[in-house]
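*Asks:* Submitted below is the structure of interest, expressed as C-alpha cells.
The values are calculated or read from the model by the stated rules, or taken from the named source; none is laboratory data. Just so it is clear, the structure is predicted and the values come from calculations on it, not from any experiment. Using ideal geometry, Cβ is built from the backbone for each residue, glycine included, and neighbour counts are taken over all protein chains shown. Heads up: the accessible areas ignore ligands, DNA and RNA and are worked out on the full protein's heavy atoms, side chains in. Shrake-Rupley method; radii C 1.70, N 1.55, O 1.52, S 1.80 Å.
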Amino acid sequence: MKAAFKRILYGGDYNPNQWPREIWNQDMAYFKDARINSATINVFSWAKIQPGEEEYYFDELDEIVDMLSRENYDIVLATSTAALPAWMFQKYPEVARVDYQGRRHTFGKRHNACPNSAVYQKYASALVEQLAKRYGSNRHISCWHINNEYGGECFCENCAKAFRVWLKKKYHTIDALNAAWNLEFWGHSVYSWDEVVPPNALGDGMEFGPEDRLATAFAGLSVDYRRFMSDSLLENYKMERDIIRRFDPDTLITTNLMGTYKGLDYFKWAKEMDIVSWDCYPSYNTPWSYTAMCHDLMRGLKDAPFMLMEQTPSQQNWQPYNSLKRPGQMRAQSYQTLAHGADTIQFFQLRRSRGGCEKFHGAVIAHAGTRDTRVFREVRQLGEELAGLSAHIQGSVNEAEVGIVFDWDNYWALEYTSGPSCSLSYVDQLHQYYRYFYDKNISVHMIPFDADFGRYRMVVAPVLYMVKEGMQEALEEFVKQGGVLITTFMSGIVDQSDNVHLGGYPGPLRNLAGLWVEEIDALAPEQSNTVVFSDGTEASCRMLCDLMHLEGAQCLASYKSDFYANTPAVTRHPFGDGAVYYLGTALEPAGIAKVLDMAVSDAGVTPVIAEATQLEIACRWAGDCTYYFIINFKEEAQAVPACFAGQTDLLTGKTVEAGEQMAKYEVKIVKLPSGCILF
C-alpha cells in the first residue's frame, strides 16, 4: 500500500498564538532537537481568526504557517470549527445546542454548535473557504484536520425538523414509521410527521441504573435518533471537506476520532475520510489489550494504516486519576500504536498551556520551559528512532485470519434495551474475546457487520443483538464455506428497528447455531453459576444465562447449579463445511479461552509466531518483508522468543541474543523476509 506521508509524522498540537514571539524561536530549536517534524495548528482559533461577523484576521496565522513552512514541517491545518466565537452566540442564540434535559446552552466549552443550525453552517462554511483559499496551495500542508473530536447530541427544534426530514427519507410513509417503532405500544401511534419529537428526557428518553444509564421507552426511535445525529454531524464534516476540495484537490483530509466512542457510527464516517485519525488516552489501569483493540478498530474502519492524532507524552488532566507515564511507557505505547497500523505519532500537546482546564495536561515542553526533563529526553529518543524507521514501515499493512464484528447499531440498541441486565456493556463483551487473541498473539481485524467474511478463517460476533438485513445470509454462507463463527447470548434478538425476531432466540441465527433459547436468566453482580465442560473442567459464569434447547448442536458444557443445572451452556454446531460455537453465558476468561482454543484449532488459525510468550508481538507486512514488533508490557522481564535469535533489532542495530531478557516497556523491531516460517 502506498504510504500516506513521505515520512512518519512526529509532532502534535501546537498553539504558538498562546505565547509571545520569543518563545516561538525557542520552540523551533527545542522541536528540532527532539526530531519533531509535524505540527497541528489552528484547532481552536475561530475567535482569533474571525473577531466579528464581517471581519477576518489572518496575520498571526500567516506568521505561524510561514514559520513552520520555513522549518520544513508537515503542517496539519485544522479548520477551527469545533468552538464557536462568543459574538455568534450573542447575535444568533439558536446556534447553541439543546441538551438531553431540554436546556439550551449558552456560550462556553467546545463542541457547542447545533449541527443542524443553518447559521452555524453558514459561518463555518465561510471560514473554511477563507482558510482553503489562503493556504490550500501550500505544499507544507500535509493534512487538513476538520473540526475536532466530533461528538455530542442536540435536541433543539432545528434538529427535530431535520429529524423528521431524515425519517421521511428512510420510511417514506407514517404507517411504516409506526410499524418500525411499534408505536401501538403505550398508544404512541402518530398520524403526521410533525408529531414526532426527539427522544430526550422530556419525551421518550429515560434514565435508570446506578449510573443513570440512558434508556428509552422506544428503542427504535432512540436508535434512529442516534443514527440521525451521527449523520447530521457527518454532513457538517462533508460540508467542510467539500469546500476544501474546491481549492485543494490532493491533500489528505481527516478528523480525529475517539476509539470506541459511542456517539458516531465510525464505519460510516470512515467512508468519507481520506485517512482515519484518532486520539488515544488510556487511563492508568486500562488493559494494554483494550488499547490494542482500539488501534485495530481504527485501522479496521478503512482497512488501512491510520494516524495517531493525539496521545500525551506524560499524563492526562481530565481522568479521575492522572498518573504519570512511567519511564519507557510512552515509547512502548507509541510502538504498540505503530505495530497496530499507525503511520504517525502525534501528541497533545507540544507546549503546556498556562491556563484553562488543560493546563496540567502533559506536553513535550512542560511549564518549566526547559528540555532538561525526563519527558523531553524520551520524546527526543523516540524522535531519533522514528526518523530511521520512516523508510521501513510506512504503508505496510496488518493481516489477520480472525475478524471481530464491531457494529454501532448493535452498540446503541443493546445498551438501550431495558433488560435483562444493566451490567451488559457492548464494548466490554467484545474486549473479553479480543483479549484472548491478544494474549495468544493472534492478529485480529475489527470489521463491520457487512464485511467480506470470506477473507477470514474465523469471525467472532459476541452479543450480536441486532441482526440486520443480509447478515443471516452472509454468516450462513461464511460457515457453509468452512468458516468458524463464534457468537453468544443476546444475539439474533431484534431487527434493525429493535423489534424482536419472533420464533425463538437467536432468531435468524437459530438454524445456524442449531439451538433455540427459551429464557434468559439475569444474575445480579453478587451471583454466579458454574459451567462444566465434557472433560470435567469447570469455569464460573455470571450476568446472563441462556436456557436453551439443542436442535443439532453438540453440548460442550452444561450449567452446574440452579433449576437449569445439566442443561447446555456452550455448544458447537457443524454447518456446511464449518461450525458455529455458541456461548450462552458470560464465562470467566479461562472459560472463554477453553472454548476459543477449540474454535481456533477448528479454524486452523495461527499466531504470528509458534512459540508461546507473554510478550506482545504484532506484525506489519510490506510485500517482500515482515516487521515484527516485540514489546514487553509485563512487570517481569521476559525472554525474547528463540525464533528471533540472531536477527537484527532495527532500533539499536544490535543482534538479538538467544535467551536475551526484555525489561518492562522494552521494545524490539525485527525485519524478516515475508514467508519466513518462525519456529
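*Asks:* Within the set of pairs 6 or more residues apart or between chains, which connect a residue that is in contact (Cβ under 8 Å) with a residue 12 or more places away in the chain and within 12 Å of residue 224 (Cα to Cα) inside region 160-182 to a residue that is among the hydrophobic types (A, V, I, L, M, F, W, C) and exposed (fewer than 15 other Cβ atoms within 10 Å of the Cβ) with Cβ atoms less than 8 Å apart?
*Replies:* Within 8 Å, the pairs are 177/190.
*Asks:* Something else about it: Could you please find all residues in region 30-44 being among the hydroxyl-bearing types (Ser, Thr, Tyr) and in contact with a Leu (Cβ under 6 Å, 6 or more places away or on another chain)? Full working, then the answer.
*Replies:* First, the residues of region 30-44 that are among the hydroxyl-bearing types (Ser, Thr, Tyr): 30, 38, 40.
Within region 30-44, 38 is the sole residue that qualifies.
*Asks:* Do you know which residues across region 277-299 are part of a helix (DSSP H, G or I) and small (Gly, Ala, Ser)? Let's see the steps before the verdict.
*Replies:* Going through region 277-299, the residues part of a helix (DSSP H, G or I) turn out to be 288-299.
Residues satisfying the conditions are 289, 292.
*Asks:* Which one of these does residue 557 not meet: (1) surrounded by fewer than 20 Cβ atoms within 10 Å (Cβ to Cβ); (2) free of Cβ contacts under 8 Å to residues at least 40 places away in the same chain?
*Replies:* (1)
*Asks:* Which residue out of 596, 672, 587, 615 is more than 30 Å from residue 491 (Cβ to Cβ), surrounded by 18 or more Cβ atoms within 10 Å (Cβ to Cβ) and of a type outside the set (Val, Ile, Thr)? Walk me through it before giving the result.
*Replies:* Working: 596 fails: more than 30 Å from residue 491 (Cβ to Cβ); 672 fails: surrounded by 18 or more Cβ atoms within 10 Å (Cβ to Cβ); 587 fails: more than 30 Å from residue 491 (Cβ to Cβ).
Exactly one residue qualifies, and that residue is 615.
*Asks:* Residues that are within 29 Å of residue 624 (Cα to Cα): find the strands (runs of 3 or more DSSP E) completely inside region 393-489 holding 1 or more of those. Full working, then the answer.
*Replies:* On the way: elements: 402-405, 444-447, 458-461, 484-488.
Answer list for region 393-489: 402-405, 444-447, 458-461.
*Asks:* For region 569-584, what are the residues that are in contact with a Ser or Thr (Cβ under 9 Å, 6 or more places away or on another chain) and open to solvent by 10 Å² or more (accessible area, probe 1.4 Å)? Even if it seems obvious, please write down each step before you answer.
*Replies:* Initial filter on region 569-584 (in contact with a Ser or Thr (Cβ under 9 Å, 6 or more places away or on another chain)): 569-570, 580-584.
Of everything in region 569-584, nothing turns out to be in contact with a Ser or Thr (Cβ under 9 Å, 6 or more places away or on another chain) and open to solvent by 10 Å² or more (accessible area, probe 1.4 Å).
*Asks:* Further question on the same structure: Looking at 117, 125, 142, which is the one that is among the hydroxyl-bearing types (Ser, Thr, Tyr) and surrounded by fewer than 19 Cβ atoms within 10 Å (Cβ to Cβ)?
*Replies:* On the way: 117 fails: surrounded by fewer than 19 Cβ atoms within 10 Å (Cβ to Cβ); 142 fails: surrounded by fewer than 19 Cβ atoms within 10 Å (Cβ to Cβ).
Going through 117, 125, 142 in turn, just one is among the hydroxyl-bearing types (Ser, Thr, Tyr) and surrounded by fewer than 19 Cβ atoms within 10 Å (Cβ to Cβ): 125.
*Asks:* Could you go through region 70-78 and let me know if any residue there is within 27 Å of the chain's Cα centre (by Cα), in a loop (DSSP other than H, G, I, E, B) and either buried (at least 20 other Cβ atoms within 10 Å of the Cβ) or β-branched (Val, Ile, Thr) (or both).
*Replies:* Pass one, region 70-78, residues within 27 Å of the chain's Cα centre (by Cα): 74-78.
Among the residues that remain, those that are also in a loop (DSSP other than H, G, I, E, B) are: none.
No.
*Asks:* Further, regarding this structure: Could you check region 397-456 and list, in sequence order, the residues that are among the small types (Gly, Ala, Ser), in contact with a strand residue (DSSP E or B) (Cβ under 8 Å, 6 or more places away or on another chain) and under 21 Å from residue 498 (Cβ atoms)? Walk me through how you get there before you give the answer.
*Replies:* If we filter region 397-456 for residues that are among the small types (Gly, Ala, Ser), which is where we start, we get 400, 403, 413, 418-419, 421, 423, 425, 443, 451, 454.
Imposing the further condition that a residue be in contact with a strand residue (DSSP E or B) (Cβ under 8 Å, 6 or more places away or on another chain) reduces the set to 400, 403, 413, 418-419, 421, 423, 443, 451.
Scanning region 397-456 gives 413, 418, 419, 421, 423.
*Asks:* So which residues in region 40-69 are among the hydroxyl-bearing types (Ser, Thr, Tyr) and part of a helix (DSSP H, G or I)? Show your work before the answer.
*Replies:* Taking region 40-69 and keeping what is among the hydroxyl-bearing types (Ser, Thr, Tyr), we get 40, 45, 56-57, 69.
Once the filter is applied, which keeps residues that are among the hydroxyl-bearing types (Ser, Thr, Tyr) and part of a helix (DSSP H, G or I), region 40-69 yields only 69.
*Asks:* How about region 416-440: which of its residues are over 17 Å from the mean Cα position of the chain (by Cα) and open to solvent by 10 Å² or more (accessible area, probe 1.4 Å)? Give the derivation first.
*Replies:* Step one: filter region 416-440 for residues over 17 Å from the mean Cα position of the chain (by Cα), giving 416-424, 436-437, 439-440.
The answer is 416, 417, 418, 419, 420, 421, 422, 423, 436, 439, 440.
*Asks:* Limited to region 493-527, what total is found for residues that are free of Cβ contacts under 8 Å to residues at least 12 places away in the same chain, assigned to a loop (DSSP other than H, G, I, E, B) and under 30 Å from the mean Cα position of the chain (by Cα)?
*Replies:* Qualifying residue count for the region: 1.
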